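Please read the structure below before turning to the comments.
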Amino acid sequence: MPFPIQRLRRTRRTGALRGLVRETRLSPSDLVYPIFVTVGEDVRNPVAPMPGVFQLSINHAVAEAKKAHDLGVPAVLLFGIPEAKDEAASGAYDPEGIVQLATRAIKDAAPELIVITDVCLCEYTSHGHCGVVERETGEVLNDVSLELIARTAASHAEAGADVVAPSDMMDGRVAAIRSELDNEGYGNTPILAYAAKYASAFYGPFREAADSAPQFGDRRSYQMDPANAREALLEVELDIEEGADIVMVKPALPYLDVLRRVRETTRLPVAAYSVSGEFAMIKAAAQNGWLDERTTVLEALTGIKRAGADIIITYYAPDVARWLSG
Ligand code: PBG
């Protein structure tokens, strides 16, 4: 051998050396834990395609949020399942709606825990679409929806939400929400925009959890085409112009290239949502003994962080916090 060759295995020999040269470290402080809150007393409805995930009444949601917080998870993301749905999604912006009540209860019990609220109409509309639907045509109307979405965000802020997260994918919603929040005296409430949200089959289990499947048609006229990456950058650019404080890519695993490109185009914090289908895939394989749950989840989430996520939303958040500390 004329000159020494580089040997990468030298720094892989021991756990200590591998730790020394490790480039990406997952921490509980990166994580956001989604919680489904439902009406009623003492309810814990299992979500069939998401073993270990439940629709929780407020008392259980508070306990679950506190448990995650005690494990080092800094934030929860709330989704509401209301008592009744209608065409105007009135449950979404009801000051006594399910998310508003849950937000108050969680902030009372754990004031340091960050409460992020998902802002969308799909859980509250009778037809399950994320906006207002024109009866005759079935079209999801953009600008009419913006008013209700902005009103929803302000009612969450009024209830004490620390961050509002619009997931509806109507054009212009970040600007509409920003101006409503500012006018209502919530100028300090940040917006986490689901900027690049794809029309994904990976949301299937969530729609069962949140009871939000569209009753007709699909979401492809507002959510993004999975084939497009440049367009995601445009979505991000527009959301930032409109006032987003954090931008999100969703789902995570099938879109790591998009996540990387978003990371490279903005200096704002970037979030990634490892969605219900990503959770369900690993959970199902693990329950069959086909994958080791812990190492698979940690590898998947490390990959999402390595691709560029500062913040990772995952149903595994409490488990991961436990695994990382023990
Ligand atoms: C609501 C919303 C959805 C998800 C988050 N917010 C579903 C959808 O757009 O149909 C999906 C989350 C998940 O799958 O974990 N618009």
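The values are calculated or read from the model by the stated rules, or taken from the named source; none is laboratory data. Bear in mind the structure is a predicted one, so any value in this text is a computation, not a measurement. Please note: Cβ atoms are built from the backbone with ideal geometry, for glycine as well, and neighbour counts cover all protein chains shown. The area values use the complete protein model at the heavy-atom level, side chains included, leaving out ligands, DNA and RNA. Shrake-Rupley method; radii C 1.70, N 1.55, O 1.52, S 1.80 Å.
In the chain, excluding the sites themselves, the longest stretch lacking any of the trypsin sites (Lys or Arg not before Pro) that are in a DSSP loop with at most 15 other Cβ atoms within 10 Å is 26-134. Available extension along the chain between Asp225 and Glu241 is 3.6 nm, counting 0.36 nm per residue and deducting the alpha carbon span. Short-range pairs are left out: with C-alpha atoms under 8 Å and at least six residues apart, the relative contact order of the range 67-154 is 30 percent.
Once the convex hull of the alpha carbons of the chain is built, what does its volume come to per residue, in cubic angstrom?
About 157 Å³ per residue, rounded to a whole number.
Applying the Karplus relation 6.51 cos²θ - 1.76 cosθ + 1.60 with θ = phi - 60° to the range 83-92 yields 3J(HN,Hα) values of 5, 9, 10, 8, 5, 9, 6, 5, x, 5 Hz, where x marks Gly and Pro.
Solvent exposure of the range 233-326 amounts to 43 Å² per residue of accessible area, where only protein heavy atoms count and the probe is 1.4 Å. Close amide H pairs (under 5 Å, H built 1.01 Å from N) link Ala213 with no residue at least 5 positions away or on another chain. In terms of accessible area, using a 1.4 Å probe and ignoring ligands and nucleic acids, Asp319, Asp292 rank largest first as Asp292, Asp319. Taking amide H positions as modeled 1.01 Å from N, with prolines and chain starts lacking one, the residues under 5 Å from Leu141 and 5 or more places away or on another chain are Val132, Val133, Glu134.
Residues in the range 284-291 carry Karplus couplings, in order, of 5, 5, 5, 5, 8, x, 8, 9 Hz; the curve used is 6.51 cos²θ - 1.76 cosθ + 1.60 with θ = phi - 60°, and Gly or Pro positions show x. For Ile313, the residues 5 or more places off, or on other chains, whose built amide H falls under 5 Å of its own are Val32, Ala272, Tyr273, Ser274. Positive contributions from Lys and Arg (+1) and negative ones from Asp and Glu (-1), summed over other residues with Cβ under 14 Å from the Cβ of Pro214, come out at -3.
Backbone phi angles across the range 10-24, fed through the Karplus curve with coefficients 6.51, -1.76 and 1.60 (θ = phi - 60°), yield HN-Hα couplings of 4, 8, 10, 5, 10, x, 5, 5, 4, x, 5, 9, 5, 8, 10 Hz in residue order; Gly and Pro are listed as x.
Only Cα sites of the range 52-190 enter the Debye sum here, all with the same form factor; the resulting log10 I(q)/I(0) across q = 0.14, 0.18, 0.20 1/Å is -0.62, -0.97, -1.14, listed in q order. Taking the longest Cα principal axis of the chain as reference, the axis of helix 230-242 is set at about 60 degrees. Take every Cα pair under 8 Å whose residues are at least 6 apart in sequence, average their separation, divide by the length of the range 25-325, and the relative contact order is 19 percent. Placing +1 on each Lys and Arg Cβ and -1 on each Asp and Glu Cβ, with no other charges, gives the range 25-325 a dipole about its Cα centre of roughly 1160 debye.
Here the accessible area of the range 27-184 is 49 percent carbon and sulfur, with a 1.4 angstrom probe and all protein chains present. Which whole-angstrom value gives the distance between the alpha carbon centres of the range 239-255 and the range 13-64? If we compute the Cα centre of each part, the gap is 21 Å.
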